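As structure tokens, the structure follows; a few thoughts come after it.
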């Protein structure tokens, strides 16, 4: 999510003194060390990369820009440099780690993106600019993230094209977006169909059949119940639900657990 904003800031003529991102880690079956996507983009653009937020002190920057960083900026760093944060919700609704996911799960019909001032509190800073983004009845989390990044990138570049001025305080009741726990992704088949549908559109929804895990990648609501469309049995590739059913041959009245 941070790559398009980085590339857009450079394209707009901003000099990026440093990119801070997570260290390289092992990825894929081969276990080779690989950089984060934003580090790879920074290296391609010839921008220095660090892995500690403290590295921004003395980097010569006039402003820090935070996008999907996943960690709080330390108070002593905030004391040395002003920061803005590209946050993917309409603040103060969905402060915290998983604003996109929580908006979708809650059935929100609209969300958005804000450019906000960073301070010690969790997403409590004043807001410079916001744009609303609708959530359609079939929108997936991946589709929503893509649109929010596109809208947010334009908003960030436009906002930084002029002097920032003073941000507006957030107005309304704060709602917090806790990180999604893996257990939340298990489907409760007794829940309303619309709720299950939102969980599937979030991505990673799973259930069990005869004790084995099955992921539900796509589904649709038909006559008030969820009909799986694309499933993935444990250890196997994705497949059409009908193909899985033909192989599994559930008995009369047998369903996912």
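The values are calculated or read from the model by the stated rules, or taken from the named source; none is laboratory data. For clarity, every value in this text was computed on a predicted model and none was experimentally measured. Positions of Cβ are generated from backbone atoms using ideal geometry, with glycine treated the same way; all protein chains shown enter the neighbour counts.
Every residue in the stretch 182-197 that is modelled with pLDDT of 95 or more, surrounded by fewer than 17 Cβ atoms within 10 Å (Cβ to Cβ) and under 17 Å from residue 99 (Cα atoms), please.
184
Of all residues in the stretch 198-247 being buried (at least 16 other Cβ atoms within 10 Å of the Cβ) and in a helix (DSSP H, G or I), which is nearest to the chain's Cα centre (by Cα)?
202
So which residues in the stretch 98-142 are under 26 Å from residue 164 (Cα atoms) and assigned to a loop (DSSP other than H, G, I, E, B)?
The answer is 118, 119, 120, 121, 122, 123, 124, 125, 126.
If a residue must be without any contact (Cβ under 8 Å) to a residue 12 or more places away in the chain, within 22 Å of the chain's Cα centre (by Cα) and in a helix (DSSP H, G or I), how many such residues does the stretch 1-54 contain?
Looking only at that region, the number is 1.
When you check residue 66 against the structure, is it part of a strand (DSSP E or B) and surrounded by 15 or more Cβ atoms within 10 Å (Cβ to Cβ), yes or no?
On the way: part of a strand (DSSP E or B): yes; surrounded by 15 or more Cβ atoms within 10 Å (Cβ to Cβ): yes.
Yes: the conditions hold for residue 66.
Just wondering, is there one or more residues in the stretch 82-91 that are closer than 20 Å to residue 119 by Cα, modelled with pLDDT of 95 or more and surrounded by fewer than 17 Cβ atoms within 10 Å (Cβ to Cβ)? Give the derivation first.
Filtering the stretch 82-91 down to residues closer than 20 Å to residue 119 by Cα leaves 82-91.
From what is left, the residues that are modelled with pLDDT of 95 or more are 82-91.
Add one more test, that the residue is surrounded by fewer than 17 Cβ atoms within 10 Å (Cβ to Cβ), and what stays is 82.
Scanning the stretch 82-91, I find at least one residue that is closer than 20 Å to residue 119 by Cα, modelled with pLDDT of 95 or more and surrounded by fewer than 17 Cβ atoms within 10 Å (Cβ to Cβ), so the answer is yes.
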